[in-house]
Amino acid sequence: MALLRAALLGPARLRGGGIPWSVLRFYSSASAKEKARRNAVCERTELLEVLKARVKQLQTTNVPEVTTSKVELAPLQGEGHQGLLQKTVSASTAVEHLVPRQSSSWTEKLKKEMYIRQMKVEKKLSIAAARALEGQAKVKTKIKVKAKVRAKVKTKTKSKPKPKAKKIQKSPKATAATSRKQSHAAPSSASKPRVEEVKQDLKAPKPQHVPEDRSSNQHKIMQQTIQSNLECFLYLQQPEEAQKLLLLYHSNPVKRKLLSVDAYNVVMRGWARKGCLHRVIHVLSMLESVGFQPNLDSYTVLLECMTQSHSSTRAIWRCVQQLEKDGFHMDDLFQKCLFEGNEKEMVLKAIRIVQPDYQLPPPPKPNICKSDLLKNFYSEEKMVSYPKLNFSVQELQERFQRQLEMELNSTVTIESVESTKPLTPAAIKARQQLAAFRSQWRDAILQALQKSKHKMSQAKMLSGHSVIYPYLCVLPDEEYVDIMMQILNTLSPQGESLAVLARELGSKVYNRYLVQRKLHSCQLKKVQEIYESYIHLLAKDSQPSEYLPREYWEKLVAEAGYGPSLNLKDCSWPYVILMRLGMYLLEILVHAVKVPRNTLKPRLQPKLIPVLYHIYSFRSSWQVGLIKPHPIFSQMVSDAAETVLTFNSSAIPMLCPPVPWTSPHFGAFVLNETKLMRFVDGAVQHQQLLDQCPQVNLHPVLDALNQLGNCAWKINQPVLDIIISIFNDKGNEKLDIPPPVSEAPKPPVVPSSSSALHKSQKHELLLCKKKAAEMHSLRMDALYKLSIANYVRDKVFWFPHNMDFRGRTYPCPPYFNHLGNDVTRAILLFAEGRPLGPKGLDWLKIHLVNLTGLKKKNALQERLDYANEIMEEILDSADHPLTVRVESLGEKLGPQPAPSRLGVSQLS
């Protein structure tokens, strides 16, 4: 699987799926002479690639710049097979300034390749749809032609034939032959009308500019793009910009099909927060002019704005009457709508102006799952008490505050478990030099970002709307710089796929934006209030009624009167926006970060050169773009030998019990967004199916995930210390503890006199490089797991869970969890043990014998007897795992694989 992933995504993905490089460390026990001989050929190849990339960048700087201010495609009028999705995309981005003006050829080339690849897929889809429609049209025309022929035959039989009209009757085959000849010949004047009729029939059912099926994935993605743009303007308190974007689509009959009622509601909400009632009414009239009907959210915004603008009682009364006329009820406003901030209080105040005695509706009665398999489990007559954790309410509250603080910081910095050499003067100098450069790079990135945003804002004022610009304003500039610096510090020396880096950059920006949204909308305050009451269900010193975690959380939400407003309004960014934003930030990073050429060799000229380069690598028939650091930067990081790892807060196990899953949009972490179902980036059908599923049918799934997440874990510290000692002592492949890269096979020595390598030497060189990359990948994976385990060694922690489309459950933290390899599972222990029972120890003995691989064909009793026979050696192996009595145990067990020995330590 690692090789397949590398072939698709480039050499930098050999380290494992989804694992970013934290720092570059090539600690080696080999001498400097051996290391220089081993890396001689590799350094020449890397230097050649960097020089080629540098030449391309220098050539592109002299190319005159060509900018496109407007991108519009001709409408689909049945001429050729234009892509359906292509038209939708062009409608959404009439004017766009995606990259800075200092754009280079590699970004344009990448965009062109992505555009061509997308057009090929879209063309195939449109051709298939057009062919299906043409087939239907041909069937209709054949039926019409047959009807006309029959009518003519009837008229001929009734009327007398004329002498000139007498012709020899032809057989059907002859008739078909003559028709084929006429089709290839020039059309006569008599056949022209019929041909034109057929062409018109074929043109009539052609697909329109926007697909009529509004449930299609592409149409949903475009609506999500527009919605996310409007939500950004709403968050930035810029309703004027939001209305400009809305008018851009509303004024075009074709683009108008991409709008929904929610898009108009977002613009109205922006004006309502400023108390501009006439603006809200204007947008509402626009909504009704296109055939939409106001929904509950529309009336919620209107009532909120009437309270803000101190409207008359008569106006509010007319609004309430219209709400009831449209088939809604006032209670629906508080049972089905999502509120942010003080919106609920404003709506309630408006209603009580016209109905002073109005009271909030009681919470709806919770639905109970009626599944035949779980009927007895969910029956109200047989309620059982939920198991308690071995923590008090005060302890769980303190743990929640620590978890909240970690998620608010977005990242966690921990110490690496990898042993380091004593700090030498060269290492100290390298760290100081690297820190100075990072300070300069941070200032350069900040200036480049601000300059680019200023140019984009000016271009936006001249030409209209920019798709990327609002996403560059939702966070302070310094946070964008921090995100880009994190990507730079975690970049692998082998480079990383351009698409992976762009996706990671966009996702980091979105996650921080989501945290800020939850803070500004007071959603975090509501969750914190509910969680402080929820932990009474789990604490050992409280006695709430018998509820499941989901049921108890829903009960607390209903009692607090929050209803569905505890969830955040949908503000997700589509995959296309994440990629474009990531590409934009990545280009700024490539252009802004530079290093003097004479950093490592003072004799060279002090010329600034880029730290990052964009290169292409061919994998089979795919051309993969890579971002690769300059060898100077890699050497500086290696010399500094930093031992600090930085992870996203979602990669660390939770320090408190997870928030229970209550819906597909709410659960797991406190702030970090987590999907209930894992699916490929860009896919939307899975989430649509979850939203369409009745909520009561998901209760068994949600309760199962909550049960798994509430299981507390701790670290088996003696086993962890043993594994770390082996890890720092060159590892052990038999124990599944990867050795360092210094133990990789050495490449063949190339004589200085030879100008070229033989075929066998080239093959051996490639195998050595491949093996070294795989070892480095496994080493980094083990480093992350052991470092996280060492970080939580004195803590009790929890793993929130989600699932895939098959229903398989997975822990959300990706690196360190109980679904890892044997080494990872040997480190974990249940925080609260349970008695094994009368036969539990016997089953553990049998399991231990099974690990040795012996007695496979023997009965269970014989295996148990064998374990009792060698029990003294087993206990000695558990007490002294690295100094086992080989002379006594070896005679009975023989040479055995080492994983069983860690199993002994764990079981003891």
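Can you give the accessible area of ASP443 in Å² (nearest 10), computed on protein heavy atoms with a 1.4 Å probe?
For ASP443, solvent-accessible area is about 80 Å².
Explain nothing, just the number: dipole magnitude of region 214-354 about its Cα centre with +1 on each Lys and Arg Cβ and -1 on each Asp and Glu Cβ, in debye rounded to the nearest 20.
With only Lys, Arg, Asp and Glu charged at Cβ, the dipole is about 300 debye.
Using a 7 Å offset from the Cα along the Cα-to-Cβ direction at both ASP804 and HIS758, what is the distance between the two label points in nm, to one decimal?
4.6 nm
Report in % the part of the accessible area of region 788-852 that belongs to carbon and sulfur, leaving out ligands and nucleic acids; probe 1.4 Å.
Ligands and nucleic acids excluded, carbon and sulfur give 58 percent.
For a Förster distance of 45 Å, can you work out the FRET efficiency between the beta-carbons of ARG597 and ASN409, rounded to the nearest 0.05?
Result of the calculation: an efficiency of 0.75.
Working with all protein chains in place, sort TRP622, TRP553 by solvent-accessible area computed with a 1.4 Å probe, largest first.
Most to least solvent-accessible, the answer reads TRP622, TRP553.
Rounded, prolate or oblate: which fits region 214-354, taking a ≥ b ≥ c as square roots of the Cα gyration tensor eigenvalues, rounded meaning a/c under 1.5, else prolate when a/b beats b/c?
Prolate is the answer for region 214-354, as a/c is 1.5 or above and a/b outweighs b/c.
What nm value, rounded to one decimal, do you get for the distance between PHE679 and VAL290 when each label is placed 7 Å out toward the C-beta?
So the two model labels end up 2.5 nm from each other.
From a point 7 Å beyond the Cα of LEU373 in the direction of its Cβ, which residues of region 672-702 have a backbone N at a distance under 17 Å?
694, 696-702
Ranked by accessible surface with a 1.4 Å probe, highest first, in what order do TYR358, TYR513 come?
Putting TYR358, TYR513 in descending order of accessible area: TYR358, TYR513.
Give the residue list of GluC sites (Glu not before Pro) in region 331-406 that are DSSP loop and have at most 14 other beta-carbon atoms within 10 angstrom.
Here the GluC sites (Glu not before Pro) that fit, given the DSSP loop and packing criteria, are GLU380, GLU381.
On the accessible surface of region 214-354, probed at 1.4 Å, how many percent belong to carbon and sulfur atoms?
Summing carbon and sulfur atoms, their accessible area is 50 percent of the total for region 214-354.
Please list SER289, SER392 in order of solvent-accessible area, largest first, computed with a 1.4 Å probe with all protein chains present.
I get SER289, SER392, largest accessible area first.
I'd like to compare 231-238, 695-702, 853-860: which one has the highest average count of other Cβ atoms within 10 Å, and what's the full order after that?
By packing density, highest mean first, the sequence is 231-238, 695-702, 853-860.
Scan region 429-515 for GluC sites (Glu not before Pro) in coil per DSSP, keeping those whose Cβ has at most 12 other Cβ atoms within 10 Å, and list them by number.
For GluC sites (Glu not before Pro) across region 429-515 that sit outside H, G, I, E and B with at most 12 neighbouring Cβ atoms in 10 Å, the list is empty.
So, for region 214-354, what is the accessible surface per residue at a probe of 1.4 Å, expressed in square angstrom?
Result: 43 Å² of accessible area for each residue.
Note down the accessible area of ILE870, probe 1.4 Å, to the nearest 10 Å².
10 Å²
Projecting each Cα onto the charge dipole of region 214-354 (Lys/Arg +1, Asp/Glu -1 at the beta carbon, about the Cα centre), which of VAL354, LEU247, LEU230 comes out farthest on the positive side?
Towards the positive end, the residue furthest out is LEU247.
For a protection proxy built on the mean count of beta-carbon atoms within 10 angstrom, sort 684-692, 265-273, 655-663 highest first, please.
So the peptides 684-692, 265-273, 655-663, ranked by packing, come out 265-273, 655-663, 684-692.
Please work out how much length the chain gains when fully extended from ALA859 to MET871, using 0.36 nm per residue of separation minus the C-alpha to C-alpha distance, in nm with one decimal.
2.5 nm
Which value, in Å² and to the nearest 10, is the accessible area of TRP317 when all protein chains are kept and the probe is 1.4 Å?
Rounded to the nearest 10, the figure is 110 Å².
The values are calculated or read from the model by the stated rules, or taken from the named source; none is laboratory data. These numbers come from a predicted model, not from an experiment. A quick note on method: Cβ atoms are made from the backbone with ideal geometry, for glycine too, and the neighbour counts reach across all protein chains shown. Please note that ligands, DNA and RNA were not included when accessible areas were found on the heavy atoms of the full protein model with its side chains. Shrake-Rupley method; radii C 1.70, N 1.55, O 1.52, S 1.80 Å.
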